[in-house]
Amino acid sequence: MIALLDSLLTRWSASGRMAAIAASPAKRIIDSPSGSIRVLDTGSGKPCVVVVPDGPNVVEHYEHLSALLVRDYRLVCFDMPGFGLSLPSSSYRHSLDQGARAVLDVLDALGIRQATLAFSCANGFYALRAAQIAPRRIASLFLAQTPSLSAMHAWTMRTVPWPLRIPVLGQLAAWAFRLKTTNAWYAMALPRGTDRTFYRRHAHHALARGACFCLAGVVQGLLREAISAVKVARTPCTMVWGGSDRSHRATNAQSLLDCVPHAEIIHFEDCGHFPDLEQPERYAKFLNEHMLKHVSGGGQVEASTQR
């Protein structure tokens, strides 16, 4: 029922969605069992890097970072189902398996055999799950603000208001207060004194045109998951951690090693929850170093649906 409710609420709000998509011809819609997913794809035969915004951020927040990366990589950026202008299906419950398969569905639709996933926060767990169930498809992981799943569960209980953790009530509250929640989240997630205009402008513009922000769905979906579901043994992994993220003051970045023992952790002490957006040049530098170290040759080749 909760998946159906999320689907209905997002479609009710999405009256301006198609006009917004039509105004951005560089982006396309991929229909999958997970939902209707909005994707930006720069194309080319270069190694592929996939970026997913951490809601309420949307694809448009990543235009500058994309410009930094597109010379060297095939850059794919898409909103996960239930966020931005990607509508969730009536069966999408934000589980790890569903999120991972949404990622793999995008790779399949674009004919990408292998890619590096540059995901952050909760989306990092979908990247970890994709690497676990389809290791040949995921060349490497470049995460940000993704601790262990147990640490994320603890963060949820400390930080997320209790109504959002309750099925049905959470879905209704998240939808009704999506603009207020967006503003409150930026106030908490960014370092004190940060100008939030850039973040709010893109998020408000997207919400006014029918964007989703199914925060309750992803919160509830991850709370149902077992810790073992995101243990990754071999896939190369680097994580960037913003040390000025006030929402994660009590979270230990090193906890990621419980899931990925070989992960390299890089600290951006001056950044909050969005190091990829707050310091895009620095982030791109470390991503380039990660790719040179772990991804040889081209990451993008002919289509394959082997998982």
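The values are calculated or read from the model by the stated rules, or taken from the named source; none is laboratory data. As the structure is a computational prediction, the values presented were derived from the model and not from experiment. Note that we place each Cβ from the backbone using ideal geometry, even for glycine, and neighbour counts take in every protein chain shown. Note: areas computed on protein heavy atoms with side chains; ligands, DNA, RNA excluded. Shrake-Rupley method; radii C 1.70, N 1.55, O 1.52, S 1.80 Å.
Per residue, how big is the convex hull around the C-alpha atoms of segment 16-134? Give it to me in cubic angstrom, could you?
Taking only Cα atoms, segment 16-134 has a hull volume of 98 Å³ per residue.
Taking R0 as 25 Å, what's the FRET efficiency between ILE265 and HIS64 from their Cβ-Cβ distance, rounded to 0.05?
For R0 = 25 Å, the calculated efficiency reads 0.55.
With the Cα gyration tensor of segment 85-151 giving a ≥ b ≥ c as the square roots of its eigenvalues, does the rule (a/c under 1.5 for rounded; else a/b larger than b/c for prolate; else oblate) give rounded, prolate or oblate?
Oblate shape, in that a/c is at least 1.5 and b/c is the bigger or equal ratio.
Points 7 angstrom from Cα along the Cβ direction at ALA187 and ARG246: gap in nanometres?
Each label point lies 7 Å from its Cα, and together they span 0.9 nm.
Can you compute the FRET efficiency between ASP97 and ASP195 using 1/(1 + (r/R0)^6), with r the Cβ-Cβ distance and R0 = 41 Å? Round to the nearest 0.05.
With R0 = 41 Å, the Cβ-Cβ based efficiency is 0.60.
Let me check the size of segment 115-247 from its C-alpha atoms; what are the radius of gyration and Dmax in Å?
15.9, 43
Which of ASN57, ASN252, ASN123 ends up with the largest GNM mean-square fluctuation for the chain, with Cα atoms connected below 10 Å?
ASN252
Using bins 10 angstrom wide from zero, how does P(r) for segment 163-213 break down, in % of all Cα pairs?
It works out to 24, 48, 26, 3, in whole percents.
For the chain, what are the per-bin percents of Cα-Cα distances with bins 20 Å wide, up to the bin holding the maximum?
Reading upward from the zero bin: 37, 61, 2.
Send over a whole-number figure in Å² for the accessible area per residue of segment 220-293, probe 1.4 Å.
Heavy-atom accessible area per residue stands at 43 Å².
Quantify, in whole percent, the carbon and sulfur part of the accessible surface of segment 62-145 (1.4 Å probe; protein heavy atoms only).
That fraction is 46 percent.
What trypsin sites (Lys or Arg not before Pro) in segment 18-114 are in a loop by DSSP, with at most 13 other Cβ atoms within 10 Å of the Cβ?
Within segment 18-114, the qualifying trypsin sites (Lys or Arg not before Pro) (loop, at most 13 other Cβ atoms within 10 Å) are ARG71.
Could you tell me the ratio Rg/Rh of segment 97-193? Both radii from Cα atoms, Rh via Kirkwood.
Taking Rg over the Kirkwood Rh, I get 1.04.
Which percent of the accessible heavy-atom area of segment 184-263 goes to carbon and sulfur, probe 1.4 angstrom?
In segment 184-263, the share of accessible area belonging to carbon and sulfur is 52 percent.
How much FRET efficiency would the formula 1/(1 + (r/R0)^6) give for GLU281 and SER44, where r is the Cβ-Cβ distance and R0 is 25 Å, rounded to 0.05?
Taking R0 as 25 Å, the efficiency between GLU281 and SER44 is 0.70.
Given a 1.4 angstrom probe, what's the average accessible area per residue across segment 1-151, in square angstrom?
31 Å²
Relative to a virtual label point 7 Å from the Cα of GLN254 in the Cα→beta-carbon direction, which members of segment 120-152 show backbone nitrogen distances below 16 Å?
147-148, 151
Below 8 Å between Cα atoms, with a sequence gap of 6+, how large is the relative contact order for the chain in percent?
25 percent
Hey, can you grab everything whose amide H is under 5 Å from the amide H of ARG74? Only 5+ residues off in sequence or another chain; H modelled, so Pro and N-termini drop out.
Here LYS46, CYS48, VAL49 satisfy the definition.
In whole percent, what relative contact order does segment 228-279 give with Cα contacts below 8 Å and a gap of six or more residues?
Taking the mean separation of contacting Cα pairs over the length of segment 228-279, I get 47 percent.
Roughly what % of DSSP beta bridges within the chain run antiparallel, to the nearest 5?
Here the antiparallel bridges make up roughly 40 percent for the chain.
Would you mind telling me the antiparallel percentage of the DSSP bridges in segment 18-148, rounded to 5?
50 percent
Which residues' amide hydrogens lie under 5 Å from the amide hydrogen of HIS267, considering only partners 5 or more residues apart or on another chain, with H built in the peptide plane?
Here TRP241 satisfy the definition.
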